[in-house]
Amino acid sequence: LYTLNRDSTLLDTAWRGILIGIGMGFIFISLPNIVLSEVPRAKLGVGSGVFNTFRQGGFTVGGAIMISVFTGQLQPNLEQARTNSIALVQADTKILPQLRDGIVTGLKKAVITSSGSSSSSAVNFNLPALADKLPPQVLAQVRAANRAELQVLQTEISNEFKTGIVDSFKAAWLVAAIVSLGGLVAAFFALTATHTDPNTDIA
């Protein structure tokens, strides 16, 4: 999931989700057997209880950490998206100054929250409609040119905010990947140590 970006399609997400689903299916089925295979029969009850306690704790803590990472990254990423969007608007000399100033003012007034609630309005705002609000004395050709440029500008602004949201998710996926890799390495060495000494009693 970390390799996804703002241009990723539904298919790009779907095949990654299928891989994750297959992996989780194998893990959930085989993990209890793997973990408890080294526990003496007399202590299987205790071993099973410890295993399930740590598994449920891992779900809870892991989910909380990923949500914290996502929300912690979301606000600064959206603030950066707003800064980039304002720079894009200010650099666009193809639209009339009054339109440019109005868009910049709107972006500056937008309140960015940790939930990203303002990002949806920034992405979905209909900038081309502003051309229809120009004074009647503005020539139709000028109005049409501004409408076309506003459409381009809206796409660029939308991409900035989408990138901010995607980057926030990617931060959470990266943390999950690092933790998973650490668990894989720890499990490998634990199994290696166990099988090196056949008399080892893990319990």
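Of all the listed residues (ALA91, ALA64, ALA81), the sole one being of a type in the set (A, V, I, L, M), surrounded by 15 or more Cβ atoms within 10 Å (Cβ to Cβ) and at pLDDT 90 or above is ALA81. Contact map, segment 5-18: residues that are within 22 Å of ASN159 (Cβ to Cβ) paired with residues that are assigned to a loop (DSSP other than H, G, I, E, B), Cβ distance under 7 Å, separation 6+ or inter-chain. Pairs shown: ASP12/LEU4; THR13/LEU4; ARG16/LEU1.
Here is the figure for segment 156-203: residues that are open to solvent by 80 Å² or more (accessible area, probe 1.4 Å), of a type in the set (Val, Ile, Thr), modelled with pLDDT under 90 and part of a helix (DSSP H, G or I) total 1.
The values are calculated or read from the model by the stated rules, or taken from the named source; none is laboratory data. Quick caveat, the model's predicted, so the values are computed rather than measured. Cβ atoms come from the backbone with ideal geometry, glycine included; neighbour counts cover every protein chain shown. Only protein heavy atoms, including side chains, enter the accessible area calculation; ligands, DNA and RNA are left aside. Shrake-Rupley method; radii C 1.70, N 1.55, O 1.52, S 1.80 Å.
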